[in-house]
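Participant: Got a structure for you, questions after.
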Amino acid sequence: MRLARVAQPEGVSFVALEPDPKSPGEKVLAVEIDQHPFGEPTFTGRKWPMADVRLLAPILPTKVICVGKNYAEHAREMGSEVPPNPVLFMKPSTAVVGPSAPIKMPPNSERVDYEGELAAVIGQPCKDVPEARGTEVVLGYTIANDVTARDQQQADGQWTRSKSYDTFCPLGPWIDTGTDASDLALRTEVDREPVQESRTSLLVHDVAGLVSYVSRVMTLLPGDVILTGTPSGVGPLQPGQKVSVSIDGLGTLTNPVQQA
């Protein structure tokens, strides 16, 4: 199932994206979910053509937990070796934006980078999850861009400021609940030029291991998001560009870049 969050004519709703049985081809309907998408969703009976809604960030998490240097080649391009344990940092929920929303470059940064990533969305409250059950608490997967003020990251030594600006965590376009994320192709493009290409099978710490590790530190709540790390090829963005991150089976997340 593909779960999304949309602006519809009367407000905002969680929806399931389903084929339109009355239309040939690939037309899709946004079918409204009652209240929230966790557990076994129930439906209100309302539905809209996709032309009548606008995709938002598919979830508003209480927290976004990120993992640094989780691809060996990215660790090396950043001048270090792979850490023995996952390196955790966080983004505030206020950094989250959806598809097509602009990434706004802060005026006090001279270099803002893209970082395309697989994101796991937690589906139930959990703590101290055994690694063998790590994927059982995952609702599904979406795409993220861990936008980073690289000059501030290097200047500060720790990463909170550089990762936390409003619009620095695009998510979307939807959450796919049926995808096996163990070996998916990931590709980032800037103005249609490829800049990152890798596979999730090259993650140093896989999703199950990350969920287990993070949950031994903090309680995870439904809708919380774990960004699993970016591959090599990170680089700067400029105002006027468009950055797109694509992952097999999860679609494409595209955002324009603007000066704040």
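The values are calculated or read from the model by the stated rules, or taken from the named source; none is laboratory data. This one's a predicted model, so the numbers in the text were calculated from it and none came from an experiment. So basically every Cβ, Gly included, is an ideal-geometry build from the backbone, and we count neighbours across all protein chains shown. The accessibility values were calculated without ligands, DNA or RNA, using every heavy atom of the protein model including side chains. Shrake-Rupley method; radii C 1.70, N 1.55, O 1.52, S 1.80 Å.
Participant: If I ask for residues that are of a type in the set (Phe, Trp, Tyr) and farther than 25 Å from residue 102 by Cβ, which ones from region 37-91 would you list? Spell out the reasoning first.
Facilitator: First, pick out the residues of region 37-91 that are of a type in the set (Phe, Trp, Tyr): 38, 43, 48, 71, 89.
Matches in region 37-91: 38, 43, 71.
Participant: Filter region 147-165 down to the residues that are under 15 Å from the mean Cα position of the chain (by Cα) and not β-branched (Val, Ile, Thr), then identify the one that is least open to solvent (accessible area, probe 1.4 Å). I'd like the intermediate steps shown before the answer.
Facilitator: Quick first cut of region 147-165, residues under 15 Å from the mean Cα position of the chain (by Cα) only: 147-148, 163-164.
Among the residues that remain, those that are also not β-branched (Val, Ile, Thr) are: 163-164.
On the way: 163: 4, 164: 27 Å².
Once the filter is applied, the top-ranked residue is 163.
Participant: Return yes when residue 22 is assigned to a loop (DSSP other than H, G, I, E, B) and open to solvent by 60 Å² or more (accessible area, probe 1.4 Å) and no when it is not.
Facilitator: Values: assigned to a loop (DSSP other than H, G, I, E, B): yes; open to solvent by 60 Å² or more (accessible area, probe 1.4 Å): yes.
When the stated conditions are applied, residue 22 passes them.
Participant: Which of the residues that make up region 38-73 are more than 27 Å from residue 13 (Cα to Cα) and either under 18 Å from the mean Cα position of the chain (by Cα) or among the small types (Gly, Ala, Ser) (or both)? Show your work before the answer.
Facilitator: Applying the first criterion (more than 27 Å from residue 13 (Cα to Cα)) to region 38-73 yields 67-73.
Answer for region 38-73, where residues must be more than 27 Å from residue 13 (Cα to Cα) and either under 18 Å from the mean Cα position of the chain (by Cα) or among the small types (Gly, Ala, Ser) (or both): 67, 68, 69, 70, 71, 72.
Participant: What are the pairs with Cβ atoms under 7 angstrom where one residue, in region 239-250, is open to solvent by 40 Å² or more (accessible area, probe 1.4 Å) and at pLDDT 95 or above and the other, located anywhere, is assigned to a strand (DSSP E or B) and of a type in the set (Ser, Thr, Tyr)? Sequence gap at least six, or different chains.
Facilitator: 242/254
Participant: What are the residues in region 14-42 that are more than 26 Å from residue 180 (Cβ to Cβ) and touching a residue at least 24 places away in the same chain (Cβ under 8 Å), if any?
Facilitator: Within region 14-42, 20, 32 qualify.
Participant: Same structure again: When region 25-52 is examined, which residues are found to be β-branched (Val, Ile, Thr) and either open to solvent by 80 Å² or more (accessible area, probe 1.4 Å) or part of a loop (DSSP other than H, G, I, E, B) (or both)? Full working, then the answer.
Facilitator: Of all residues in region 25-52, those β-branched (Val, Ile, Thr) come to 28, 31, 33, 42, 44.
The one that is β-branched (Val, Ile, Thr) and either open to solvent by 80 Å² or more (accessible area, probe 1.4 Å) or part of a loop (DSSP other than H, G, I, E, B) (or both): 42.
Participant: Got a sec? Which strands (runs of 3 or more DSSP E) wholly within region 179-254 have at least 2 residues that are hydrophobic (A, V, I, L, M, F, W, C)?
Facilitator: Working: elements: 185-190, 193-199, 225-227, 242-247.
Per the criteria, 185-190, 225-227, 242-247.
Participant: I'd like to know if region 57-69 contains one or more residues that are surrounded by fewer than 17 Cβ atoms within 10 Å (Cβ to Cβ), more than 19 Å from residue 177 (Cα to Cα) and among the hydrophobic types (A, V, I, L, M, F, W, C).
Facilitator: Scanning region 57-69, I find no residue that is surrounded by fewer than 17 Cβ atoms within 10 Å (Cβ to Cβ), more than 19 Å from residue 177 (Cα to Cα) and among the hydrophobic types (A, V, I, L, M, F, W, C), so the answer is no.
Participant: Filter region 95-137 down to the residues that are surrounded by fewer than 23 Cβ atoms within 10 Å (Cβ to Cβ) and of a type in the set (A, V, I, L, M, F, W, C), then identify the one that is farthest from residue 171 (Cα to Cα).
Facilitator: Top of the filtered list is 132.
Participant: If you don't mind, another one. Please work out which residue is nearest to the chain's Cα centre (by Cα), limiting yourself to region 84-94 and to residues that are open to solvent by less than 50 Å² (accessible area, probe 1.4 Å) and not aromatic (Phe, Trp, Tyr).
Facilitator: The first filter runs over region 84-94 and keeps only residues open to solvent by less than 50 Å² (accessible area, probe 1.4 Å), leaving 86-87, 89, 91-92.
Then drop every residue that is not not aromatic (Phe, Trp, Tyr), which leaves 86-87, 91-92.
Working: 86: 18, 87: 18, 91: 12, 92: 13 Å.
Looking at residues that are open to solvent by less than 50 Å² (accessible area, probe 1.4 Å) and not aromatic (Phe, Trp, Tyr), I get 91.
Participant: Further question on the same structure: When you look at residue 33, is it more than 28 Å from residue 217 (Cα to Cα), among the aliphatic types (A, V, I, L, M) and within 22 Å of the chain's Cα centre (by Cα), yes or no?
Facilitator: The answer is yes for residue 33.
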